[in-house]
Amino acid sequence: MLTARTLAEAQVYVSLTTASDTTVPATRPAPIEPGANLIEGEDGWTLASTAGDIAIPYASEHTARIIDSRFGLGVSELIDAAQWAVVAATYARLALEADMAYGGRPEEDRDAVELSWEFAVDAVVEALKFLPDDADEVPDVAVWSEFGQRARAENPHLLTRAKLYDDLEYYQGTLEDFRAIYGEPS
């Protein structure tokens, strides 16, 4: 059985497998519903999904929440470095679109902007976890999925140290700018 570090990582993995399977129509993954597709076990949850059953240990989720690490400690065994970089870019596009449309009016969804920028930051941090301290780019062994290999082939700079750190700086800076303009979240 597959194992995710957190429920959020499991959801991203299911979304990626749904998006990368060109043999079926793109559909939104089913939301997590305790008792329906999320079953409690002795040591963790099991998420029943279109990508298969995914185990999420309680201890891993708990630790991630304590240290405020959305996707968990350590390096992902489910999602490769290129997939994380694509997820980061996807959330950044969503954030930028929402940011550009946001005018600060009470009826507007501020959370959509901030959460998308936060997810972009967190996803690029996940990609950076695969980057060795002394390397200029993520090694090939850190890109094991067909989806990730295609993404890297289409964009050879996707996993370079310079690109990943530029993306991180841009995503964090834009989130900080948004909060400077509209105030910190309540």
Could you list, in sequence order, the residues of the range 141-168 that are over 16 Å from the mean Cα position of the chain (by Cα) and of a type in the set (S, T, N, Q)? 149, 155, 160
For the range 1-31: of the residues being part of a loop (DSSP other than H, G, I, E, B) and at pLDDT 80 or above, which is surrounded by the fewest Cβ atoms within 10 Å (Cβ to Cβ)? 1
Can you tell me which residue among 81, 95, 112 is surrounded by 14 or more Cβ atoms within 10 Å (Cβ to Cβ), small (Gly, Ala, Ser) and without any contact (Cβ under 8 Å) to a residue 60 or more places away in the chain? 112
Identify the residue in the range 63-77 that is over 13 Å from the mean Cα position of the chain (by Cα) and within 10 Å of residue 5 (Cβ to Cβ) and, among all such residues, is surrounded by the fewest Cβ atoms within 10 Å (Cβ to Cβ). 74
Exactly one condition in (1) in contact (Cβ under 8 Å) with a residue 40 or more places away in the chain; (2) closer than 17 Å to residue 16 by Cα is false for residue 74; which is it? (2)
Residue 55 - would you say it is of a type in the set (A, V, I, L, M, F, W, C) and free of Cβ contacts under 8 Å to residues at least 60 places away in the same chain? yes
Tell me which residues, restricted to the range 98-109, are open to solvent by 90 Å² or more (accessible area, probe 1.4 Å) and more than 13 Å from residue 181 (Cβ to Cβ). 105, 106, 107, 109
Hits in the range 115-162 - residues which are in contact with a strand residue (DSSP E or B) (Cβ under 7 Å, 6 or more places away or on another chain) and surrounded by fewer than 20 Cβ atoms within 10 Å (Cβ to Cβ): 136, 160, 161
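The values are calculated or read from the model by the stated rules, or taken from the named source; none is laboratory data. In this text, all values refer to a predicted model and were calculated from it rather than measured experimentally. Because the Cβ atoms are built from the backbone with ideal geometry, glycine has one as well, and the counts that use them run over all protein chains shown. Areas reflect the complete protein model, heavy atoms only, side chains present, ligands, DNA and RNA absent. Shrake-Rupley method; radii C 1.70, N 1.55, O 1.52, S 1.80 Å.
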